[in-house]
Amino acid sequence: MLRLDKFLCDAKIGSRSQIKGYLKQGFVKVNGEIIKRPEHKVDEEKDQVFFQGKEITYKKYVYYMLNKPKGVVSSTKDPRCLTVTGLLKDTGYDGLFPIGRLDKDTEGLLLMTNDGNLAHNLLSPKKHVGKIYYAKLAGPLTEEKRKELENGVDIGEGTLTLPAKVEQVTETSIHLTITEGKYHQIKRMLWAVGNEVVYLKRIAMGGIVLDESLPVGKYRELTEEEMEAVGLRKY
Ligand code: URA
């Protein structure tokens with residue numbers, strides 16, 4: 001349960017003082033009844049709230065898929081560079097942050113939210129959430145090196161990387177699935193086998209696959225199925 005003015009404020013209907021005015025003017029109905037008191041309690045799961053005849057759905061947490069372009073940094077603020085949070089400024093939601101990081105020159109799937117719990121669940125090393133990358137390589141990958149990548153390689157962390165899955169796409173490009181998220185991990189794994197990544201794109205994370213119809217630099221809300229894939233129930 002939460003206060004009606006907070007509900008309307010979170011739904012981006014206006015500022016607290018504007019909302020007070022709207023309530024006074026009788027613009028808000030809860031379950032068919034005009035409510036004028038800002039402190040009226042609403043059940044955000046069950047109550048039907050209408051503002052000027054339009055139903056308002058309450059979303060405390062929001063979840064987006066961004067097709068990250070090259071040249072944008074995976075942070076919320078940067079004095080010099082465009083950030084992924086900057087690409088989502090039209091959502092009307094404050095406090096959005098990326099779930100994990102992609103390098104500045106990496107493209108593809110980045111999940112953005114204001115829900116710290118989901119971020120924790122997807123990033124916790126104990127959960128072994130799978131991430132699939134498409135990588136173009138400087139040179140061909142031999143079968144021996146492919147197996148080495150799958151079994152674990154030394155990237156200077158004291159232990160070998162965890163078992164990975166490597167599918168050859170062409171002679172010089174692969175799909176690589178990893179369950180860790182070490183700094184520059186894919187690039188370092190390829191360096192460890194004497195190769196080099198020349199292009200990198202994340203195509204899936206935790207059961208969510210990058211929507212290929214989403215243009216680079218654009219975002220959209222996760223669908224119900226995608227939310228279920230990461231253990232979330234819609235609203
Ligand atoms: N591995 C990398 O090397 N870079 C990324 O952006 C993600 C994974």
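Each value in this text was obtained by applying a stated rule to the coordinates, not by laboratory testing. These numbers were taken from a predicted model, which means no experiment stands behind them. Cβ: placed from backbone, ideal geometry, glycine included. Neighbour counts: every protein chain shown.
Here the peptides 93-103, 15-25 are ranked by packing, the mean other Cβ count within 10 Å, and the order with the highest first is 93-103, 15-25. Taking 7 Å steps out from each Cα toward its Cβ at THR142 and THR177 produces label points 2.7 nm apart.
Listed highest first by mean packing, meaning other Cβ atoms within 10 Å per residue, what order do 122-135, 36-49 come in? Spell out each step's value before the answer.
Details: 122-135: 16.2, 36-49: 14.4.
Top to bottom by mean Cβ count within 10 Å: 122-135, 36-49.
Per-residue Cβ neighbour counts within 10 Å put THR170, THR106 in the sequence THR170, THR106, beginning with the fewest.
Residues SER74, SER173, ranked from the fewest to the most other C-beta atoms within 10 Å, line up as SER173, SER74.
Mean separation of Cα pairs under 8 Å and 6 or more residues apart, divided by the residue count, gives segment 2-55 a relative contact order of 38 percent. Stretching the chain fully between LYS36 and TYR199 yields a gain of 53.0 nm (0.36 nm per residue, less the alpha carbon separation).
Given only helices, namely DSSP H runs of n ≥ 4 each adding -39500 (n - 2.57), what is the per-residue ellipticity at 222 nm of the chain, to the nearest 500 deg cm²/dmol?
Estimated from H runs of four or more residues: -5500 deg cm²/dmol.
Using a Förster radius of 41 Å, what is the FRET efficiency between ASN151 and THR223 based on their Cβ-Cβ separation? Nearest 0.05, please. Result of the calculation: an efficiency of 0.70.
Given a cut-off of 26 Å, name the pairs among LYS6/LYS68; LYS20/LYS218; LYS145/LYS187; LYS70/LYS182; LYS68/LYS131; LYS126/LYS147 whose C-alpha atoms lie farther apart than that in the structure shown. Beyond 26 Å: LYS6/LYS68; LYS20/LYS218. The alpha-carbon atoms of segment 21-82, seen along their principal axes, cover 51, 24, 20 angstrom, with the largest extent given first.
Of the trypsin sites (Lys or Arg not before Pro) found in segment 176-235, those in coil by DSSP whose Cβ has at most 11 other Cβ atoms within 10 Å are ARG233.
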